[in-house]
Amino acid sequence: MGVFYDYYRAVSRQAAMESLAVVPPFDAVEAKGIDPIVVLGQLVALAREIPYGPDLVWTATVHPPPEGAPATIEEWEALAEDSPYKEGPGIEELPADVRDTLAGIPEGRLGELAERWGRIEEFAGFPPADGFLPQVLTELRDLAQRAQQEDEMIYCRICF
């Protein structure tokens with residue numbers, strides 16, 4: 001079983017939390033295994049034409065609340081099996097500069113970026129899905145544009 005990521009826009013962290021009751025969240029992009037730090041981070045690096053580094057995309061945890069997170073292995077082991085820290089879903093807020101980078105990808109670069117993104121190590125060994133990366137890239141760009149126009153942030157819902 002894999003980890004699934006949905007990207008969506010919301011006006012606030014509180015509004016983003018409302019997505020916990022909605023599957024998939026409102027105006028959302030189902031991005032399967034595209035995590036915000038590594039895989040999406042590499043797309044951001046490609047769009048900016050800079051080298052990727054693991055510190056390129058920093059997210060802010062919205063749910064479960066970071067202030068209640070277990071701090072030690074003992075606290076982790078003491079959590080109930082159905083704890084949201086173990087079971088999810090989790091919600092991460094992406095920074096505005098990531099939203100703006102995605103929103104700024106011109107139509108003419110979508111194909112080239114999707115092709116280059118498809119060559120990253122994390123996609124190695126996967127057969128090319130008919131149009132999945134160009135489609136998800138276009139959907140992410142369009143979502144980011146709508147979020148930017150409405151002065152909203154992009155959130156990532158993570159389901160285990």
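Residues of the range 86-137 being more than 20 Å from Phe4 (Cα to Cα) and touching a Ser or Thr at 6+ places or on another chain (Cβ under 7 Å), which ones? The answer is Leu110, and nothing else.
Return yes when Thr138 is at pLDDT 95 or above, part of a helix (DSSP H, G or I), closer than 14 Å to Leu46 by Cβ and among the polar types (S, T, N, Q) and no when it is not.
Values: at pLDDT 95 or above: yes; part of a helix (DSSP H, G or I): yes; closer than 14 Å to Leu46 by Cβ: no; among the polar types (S, T, N, Q): yes.
Answer is no for this residue.
When Trp76 is tested against (1) of a type outside the set (Asp, Glu); (2) closer than 21 Å to Val136 by Cα; (3) in a helix (DSSP H, G or I), exactly one condition is not met: (2).
Is one or more of the residues making up the range 66-89 closer than 23 Å to Glu152 by Cα and out of contact with any strand residue (DSSP E or B) (no Cβ under 7 Å at 6 or more places or on another chain)? Step through it out loud before you land on a result.
Filtering the range 66-89 down to residues closer than 23 Å to Glu152 by Cα leaves 66, 89.
Now restrict to residues that are out of contact with any strand residue (DSSP E or B) (no Cβ under 7 Å at 6 or more places or on another chain): 66.
Yes, that holds for at least one residue.
Report whether or not Glu122 is closer than 28 Å to Leu43 by Cα, within 14 Å of the chain's Cα centre (by Cα) and touching a residue at least 60 places away in the same chain (Cβ under 8 Å). So Glu122 does not fit the description; no.
Would you confirm, using the coordinates I've provided, whether Ile91 is among the β-branched types (Val, Ile, Thr), crowded, with 21+ Cβ neighbours inside 10 Å and farther than 16 Å from Leu43 by Cα? Don't jump to the end; show me each part of the working.
Working: among the β-branched types (Val, Ile, Thr): yes; crowded, with 21+ Cβ neighbours inside 10 Å: yes; farther than 16 Å from Leu43 by Cα: yes.
Spelling it out, Ile91 is indeed among the β-branched types (Val, Ile, Thr), crowded, with 21+ Cβ neighbours inside 10 Å and farther than 16 Å from Leu43 by Cα.
Criterion applied to Ala45, Ala71 was being part of a helix (DSSP H, G or I), of a type in the set (Gly, Ala, Ser) and on the phi < 0 side of the Ramachandran plot, and the one residue passing it is Ala45. Based on this model, can you work out whether Pro51 counts as out of contact with any Lys or Arg (no Cβ under 6 Å at 6 or more places or on another chain), in a loop (DSSP other than H, G, I, E, B), touching a residue at least 60 places away in the same chain (Cβ under 8 Å) and not small (Gly, Ala, Ser)? So Pro51 fails the test.
Being charged (D, E, K, R) and free of Cβ contacts under 8 Å to residues at least 24 places away in the same chain: is that true of Glu152 here?
In short, no.
The values are calculated or read from the model by the stated rules, or taken from the named source; none is laboratory data. Just so you know, these numbers come straight off a predicted model, no measurement behind them. Virtual Cβ from ideal backbone geometry, glycine too; neighbours counted across all protein chains shown.
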